[in-house]
Amino acid sequence: YFPGQNIPNFSDYRVLEVSDLNTLKKKMLKNNSVIKSQELIIKSLEKSLESLIAQKKPNVRLQAGITSPANNPVGDSYGSAGVSVNYIFNDGGRIDYQIENILSKIEAAKKQKLSVLKQLDTQLKSVFQNYTGLTKAKKSLQELVSIIKQSRETAKAQLETGKTKIQDVLSLEFELAKKEIELITLDTELVLSSYTLKYLSENLIPNLTK
């Protein structure tokens, strides 16, 4: 960020709605750009393999035509047909070598895809568990904040009758402020977790700058 540029305030952003883990996995397999990239690499290699295998097969071509003399195009016309066969009898093993090389690359690309899938699956599970944990923690903290507020109001009311001391009210005020700060921190972490899940499952990066 540069001087004068607006810095995102996460308190201005809501937590994105998050699906269950299985739905997120399905979306990730369909939308994630890293997975798509690996699939394109494999498809490209498979196309190259098909082309090489085709070169090893005979190429048969049928040719046909009609010859018509200018002086008697109808009576003296005759047809001709021919078959041409192109086949590479001996290329010194060049095509076989290329096929083996492509097969090796396809196998490596598939292994790489599996590795990517495992990494993304682990990351998705980790972020989702963090998200659900933060959600539960937020609910508990909100309930605690509500209890402290009620206790503070009760203490203030009893302060007038002398049933409580000013120190008790101040202590509750301090505790309330501390818990509200924790709640803001939790909200920020929840926003980040929900946005990370959005990116992993849908390959979308929500706009954090307004």
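The values are calculated or read from the model by the stated rules, or taken from the named source; none is laboratory data. If you're wondering where the values come from, they're calculated on a predicted model, not measured in any experiment. Reconstructed Cβ throughout: ideal geometry from the backbone, glycine too, with neighbour counts over all protein chains shown. Just so you know, the surface numbers come from the protein's heavy atoms only, side chains and all, with ligands and any DNA or RNA stripped out. Shrake-Rupley method; radii C 1.70, N 1.55, O 1.52, S 1.80 Å.
Straight-line cross-link reach from residue 165 at under 24 Å between alpha-carbon atoms covers these lysines, not counting any fewer than eight positions away in the same chain: 149, 156, 178, 179. The simple Förster model, with R0 at 30 Å and r as the Cβ-Cβ distance, assigns residue 188 and residue 164 a FRET efficiency of 0.30.
Say R0 is 41 Å: what FRET efficiency, to the nearest 0.05, do residue 36 and residue 142 get from their beta-carbon distance? All intermediate terms of the calculation are to be shown ahead of the outcome.
Working: r = 40 Å, r/R0 = 0.97.
Computed FRET efficiency for residue 36 and residue 142: 0.55.
Leaving out ligands, DNA and RNA, and with a 1.4 Å probe, what % of the accessible surface on the stretch 104-210 is carbon or sulfur? List each step's numbers first, then the result.
Working: 3870 of 6980 Å².
Accessible surface attributable to carbon and sulfur in the stretch 104-210 totals 55 percent.
In terms of distances greater than 22 angstrom between alpha carbons, the cross-link table entries 30/111; 56/111; 25/105 yield 56/111; 25/105.
Take every Cα pair under 8 Å in the stretch 102-184 that's 6+ residues apart, average their separations, divide by the length, and report that relative contact order as a whole percent. Don't jump to the answer; show the numbers that get you there.
On the way: 23 pairs, mean separation 22.9, N = 83.
For the stretch 102-184, the relative contact order is 28 percent.
Taking the convex hull of the alpha carbon positions in the stretch 87-186 and averaging its projected area over all directions gives 9.8 nm².
Here the calculated FRET efficiency for residue 180 and residue 132, from their Cβ-Cβ distance with R0 = 25 Å, stands at 0.65, rounded to the nearest 0.05.
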